[in-house]
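Worksheet for the structure shown next.
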Amino acid sequence: MQDILAGLNEQQREAVTHKDGPLMIVAGAGSGKTKVLTTRIAYLMGHHGVDAFNILALTFTNKAAAEMKERIQKILGNGEARNLYIGTFHSVFARILRGEAQHLGYPSNFTIYDTDDSRGVIKTVVQELNLDDKTYKPNVVGNRISAAKNALITPEEYLSDSHIQAEDARQNRPAIGRIYDAYCKRCFKNGAMDFDDLLLKMYELLRDFPPVLHKYQHKFKYVMVDEYQDTNTTQYQITKLLAAAHENLCVVGDDAQSIYSFRGATIENILQFQKDYEDVKVVKLERNYRSTGTILNIANEVIKNNKNQLPKELWTEAEAGDKVKIVRVISDNDEGRYVADAIQENKLRNHFNNGDFAILYRTNAQSRAYEECLRRSNIPYRIYGGISFYQRKEIRDFIAYLRVIVNTRDEEALKRIINYPARGIGKTSIEKLVIVANEKNMQMWQVLEQAQNVGIRGGSLESMQAFVQMIKYFQSMLKTSNAYEVAFQVGKHTGLVKELFNDKSAEGLARYENIQELLNSIKEWVDDAENRSMIDEDGTLIEDSITQPTAGYVAPETAPIPERDPTAATNSGGTLFDMASTPDSNSPAKDAAATASLGTYLQQITLLTDADKNDDENADVVKLMTIHASKGLEFPCVFVGGMEETLFPSGMSINTREELEEERRLFYVAVTRAKKNCGSRMRKAATNLGRWWPMSRAAFWKKYPANMPIVLWPVVACAIRAAWALVVPVPLNDCMVAAVAEATVPLLQNADTVRLRASKPPAQSQATLALHSRPKWWSIHHPPTL
Ligand code: ATP
Ligand code: MG
C-alpha cells in the first residue's frame, strides 16, 4: 500500500483525513476535489479499515467512477475497490431499484426509457387524449414533466396546484397536467422508468418504506458526492435521507461550475448544506494543479463578474505559460479549418498527440464544421454525445428486440418491432391490439398472446403467433445464456440482419456494419463482465449484500420462464424455434448468464452518459464534445469554438441575469479544462509567420512533406510568404488567423452584456478561443488585459 497522503497539500490532507461527520469541500476548478474524494475513500478503507461495501460514491459520469475505482485500486493494491458502490446517480439507483422495485409495484426487470422513448410515449398519450400535437410537442411537454418530477411534484399535485395550472393556461397548454398523469400511468403499465424516475422512484422508495431506508442507511455508512453543485432537489433529498443515520456525508463541488440549472440543479444545495448540518466541516482548496497561470487568470476574470457566488481564491504555482489566443474567423468552416491547421502544426512542432486536443462547443450541432475539416486533414477524431451510436435507427430496432425479450411489458419497444422486419402484421391489427389493451387494461403483449380471441384472423394472426413464439424462444435462453448469445440468436432469427444485408445501398451497408459493431460490442462487454469475475483474489466468491434481494424479490435471471411444450412448438408451425434447438435448460446455469445477462447489458447501455459513449481510453483521437459533457475532464490543449453572440452565449439563455451567469459558468468550465502546455518546443525563428500566411496550413503540409527537416521550415515558409506578398497584398484583417481580441474582451470582462463585434463581415463572425499554449510566434495581437 502506498503512502496514501503523499503529495497532498495541507487542505487536501485535512479533507482526506476527516473521518466522521459531514464534510463539504468547496473549491475552484482543477484544485483536486475529485482527487481528494478518491483519496479519502482509499484512506477510509486503508487507514480506518472501513469496509468497501459500506461506501457509496456518486459521480457525474461512469467514466469518472471507473477512474476513481482504478485509482483506489492502485493506492490500496488489493481487489477491494471493486466492492465499492461508485457510479452515477442514475446507475447506482437503477441497481438498487432492480432489487427493490416490487415495493413500488414495478417488475425487477423494468425497462429504462431514454429521452427518445419517453418522447415516444408522450406522443402516443397526446394522440390518445385527442390533443393537438402541434401545441403539445413531445419536447415541450417532456421538459415540463421532467421539471415537475425533478421538483418532486406528482401528477395529482400538478393538477391541483392553481399556480401551475394558471401558468400552463397562460402558455396555452392547459392539458399538460393530464398528459403528465397519463404518461406516468403508461410508463408504469409498461414496466418502465424514465431517467427522472430513477431518481424520483428511489426517493419515494426511501421515503415510503422505512425498512428499505434503514437497510441502505445501514449499508452506506459513508456517502460521497462529486460535482455536488449540479444536484437537483431529488438528488439532494435522497443523499440527505441516505446519510441521515450516520451523517457521514461528504460533498464536493464548485458553485462556479454549476451548469445544469435547466435540469433542475440548484446552487442552493451547496448553500443549504451548511444550514442542514450544523457541525459541518468546510474545507476550501485554493491551489489549482491543472492549468497555467494565464488560463486560470482568464477563468477568474470571467467568473468574478457573477454576483451569485461563494467567495474563493484560486491560484497556481505553475508558470504563467503562453498566452491564450482569441482568433477571429469569418465562418464556421473557416473556424474548422483554423482548428484543424492549428492541431496539425502543434503536433508537428510541439510533439502533441491527437489525444491531447479537445474541441469544446455550446451545442452538438456545431460539430459538423470541425468534423469536415478534421477529416479533410486526416486527423482522427471522436465525437462524444450528439447522435450517438445507440440512437441510430437500426441499433434502436435491434435493441428493441432485446428489450421486449427482457420485459414484454415494454410497449414502446414492442410496437417498434412487432412488424419490423415486415412480417405481414397490418397497421389495423396492431391498432386493434392497442385498443383492446387499453380497454381491458391489459398489457399489449398479453393481448398479442391471445390474438385469436380479439378477432384477429388470417395471415396477421399467424404472423403474430409466430412472433410470440420467437420472442418466447429467446426468453427461454435468458436462463442459461449470456447477453451476446441471446443477441446473436436475435440477429440470426429475426430477419433483421438479413434485411440489412440484402440492402446493397451505401446506407444499407453502413447499417449492416453498425449491427455487426453492436454485436461485437456486446461480445466485448460480455467478455469484460466475465473477466471482472465474481471471484476475489483469495478465491472466495464476492457476496454483495445489496444484490441479496429483500423478501419477495425474484431476480430476472431466475424468474420462472414459461415452460413450453416442445410438441406444441412444432405443431404451431414454429419449426425455426423448435424447443429441441433451445439451449439445454437442465444444464447447470452458467455463471456467464448471471454476470453478463441481457438485462444488465441493457441497463448499462441506457445509462451511458455523453462522456462515456464510444470511449476508448487508448485511442489517439481529437475529442469533440459539448462543454456540458466535458465537466470534470482535462486536456492539454482546448479550443472553445463558436464564441459568438447568440451561439455562446446562447441567444436563448441571456434574458435574465441568472441565465447570463450560467453562461459565464459554462465558459469557466470550458476554460478550466485546459492544462498547461508541457514541453513546448517553441521556434522563435518563425516569428510572426502566421500573420502573413498566404495559404491554408493544411495545404502547406500537404505540399511540403511533414518530415521536412524542421530547421528548413522557416526558410521555406518565409520565401513563400515573401513571394506571395509581392503578388497579392494580404491585409491583416482578412488574414485567416487574425485575432480580434478587442472584440472578445467584453466576453471575458464585462458585467452584463456580452457582445462580440467583428469588423468584417459582421454577420458571420465567430471567434475561437484556443486555450493552449500556442507558440508565441503565432500571436498577432494579445488582448492587453489577458
Ligand atoms: P474539476 O473542478 O474540473 O472537477 P477537480 O477539482 O476535481 O477539478 P481534479 O480533477 O481532482 O480537480 O485534479 C485536477 C488535476 O490536478 C489532476 O490532474 C490531479 O491529478 C492534479 N492534482 C490534484 N491535487 C494534486 C496534488 N496535491 N499534487 C499534484 N497534482 C494534483
Ligand atoms: Mg472533479
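The values are calculated or read from the model by the stated rules, or taken from the named source; none is laboratory data. A quick note: this is a predicted structure, and the numbers were derived from the prediction, not measured. Quick reminder, even Gly has a Cβ in these numbers, built from the backbone with ideal geometry, and neighbours come from all protein chains shown.
Any chance you could count how many residues in the range 4-26 are in contact with a helix residue (DSSP H, G or I) (Cβ under 8 Å, 6 or more places away or on another chain) and near ligand 1 (Cβ under 6 Å from one of its atoms)?
The qualifying residues number 2.
Please specify each residue of the range 592-606 satisfying the condition of being closer than 15 Å to VAL486 by Cα and either modelled with pLDDT under 85 or not small (Gly, Ala, Ser) (or both).
Residues satisfying the conditions are ALA592, ALA593, ALA594, THR595, ALA596, LEU598, THR600, TYR601, LEU602.
Within the set of pairs 6 or more residues apart or between chains, which connect a residue that is over 17 Å from ASN288 (Cβ atoms) inside the range 312-333 to a residue that is surrounded by fewer than 17 Cβ atoms within 10 Å (Cβ to Cβ) and not basic (Lys, Arg) with Cβ atoms less than 7 Å apart?
Cβ pairs passing all conditions: LYS323/HIS782; ILE330/PRO761; ILE330/GLN764; SER331/GLN764.
How many of the residues making up the range 259-279 are part of a loop (DSSP other than H, G, I, E, B) and over 19 Å from the mean Cα position of the chain (by Cα)?
5
From the residues in the range 504-537 that are loosely packed, with under 13 Cβ neighbours inside 10 Å and in a loop (DSSP other than H, G, I, E, B), which one is modelled with the lowest pLDDT?
GLU537
Given (1) within 16 Å of ligand 2 (Cβ to nearest atom); (2) more than 24 Å from the chain's Cα centre (by Cα); (3) among the basic types (Lys, Arg), identify the lone condition not met by LYS74.
Against the list (1) within 16 Å of ligand 2 (Cβ to nearest atom); (2) more than 24 Å from the chain's Cα centre (by Cα); (3) among the basic types (Lys, Arg), LYS74 comes up short only on (1).
Each row is one residue, and each column tells you yes or no for (1) within 16 Å of ligand 2 (Cβ to nearest atom); (2) more than 30 Å from PHE667 (Cα to Cα); (3) of a type in the set (Gly, Ala, Ser); (4) surrounded by fewer than 16 Cβ atoms within 10 Å (Cβ to Cβ).
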{"residue": "ILE4", "(1), (2), (3), (4)": "no, yes, no, no"}
{"residue": "GLN11", "(1), (2), (3), (4)": "yes, no, no, no"}
{"residue": "HIS18", "(1), (2), (3), (4)": "no, yes, no, no"}
{"residue": "THR34", "(1), (2), (3), (4)": "yes, no, no, no"}
{"residue": "THR38", "(1), (2), (3), (4)": "yes, no, no, no"}
{"residue": "ILE41", "(1), (2), (3), (4)": "yes, yes, no, no"}
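For the range 438-451, enumerate the residues that are within 28 Å of GLN489 (Cβ to Cβ), in a helix (DSSP H, G or I) and either touching a residue at least 12 places away in the same chain (Cβ under 8 Å) or in contact with a strand residue (DSSP E or B) (Cβ under 9 Å, 6 or more places away or on another chain) (or both).
MET444, TRP445, VAL447, LEU448, GLU449, ALA451
What do you reckon, is ILE153 in contact with a strand residue (DSSP E or B) (Cβ under 9 Å, 6 or more places away or on another chain), β-branched (Val, Ile, Thr) and at pLDDT below 95?
Criteria not met by ILE153.
Return only the number of the condition from (1) in contact (Cβ under 8 Å) with a residue 12 or more places away in the chain; (2) away from ligand 2 (no atom under 16 Å from the Cβ) that VAL26 does not satisfy.
Result: VAL26 fails condition (2) only.
For the range 141-178, which residues satisfy the criterion of being part of a helix (DSSP H, G or I), among the hydrophobic types (A, V, I, L, M, F, W, C) and under 25 Å from the mean Cα position of the chain (by Cα)?
Those that are part of a helix (DSSP H, G or I), among the hydrophobic types (A, V, I, L, M, F, W, C) and under 25 Å from the mean Cα position of the chain (by Cα): VAL141, ILE145, ALA147, ALA148.
Going by what's in this entry, would ALA245 be described as away from ligand 2 (no atom under 16 Å from the Cβ) and either at pLDDT 95 or above or in contact with a helix residue (DSSP H, G or I) (Cβ under 6 Å, 6 or more places away or on another chain) (or both)?
yes
Pull out all pairs, ordered by first then second residue, where Cβ-Cβ is under 6 Å, the residues are six or more apart or on different chains, the first lies in the range 496-510 and is under 19 Å from ILE399 (Cβ atoms) and aromatic (Phe, Trp, Tyr), and the second is at pLDDT 75 or above and assigned to a helix (DSSP H, G or I).
PHE501/TYR512
Hey, could you check the range 214-241 for residues that are under 17 Å from LEU152 (Cβ atoms) and either within 16 Å of ligand 2 (Cβ to nearest atom) or surrounded by fewer than 21 Cβ atoms within 10 Å (Cβ to Cβ) (or both) and say which is modelled with the lowest pLDDT?
Per the stated criteria, the residue is THR233.
Of the residues that sit in the range 29-76 and are touching a residue at least 40 places away in the same chain (Cβ under 8 Å) and of a type in the set (Val, Ile, Thr), which one is farthest from ligand 1 (Cβ to nearest atom)?
My answer is VAL50.
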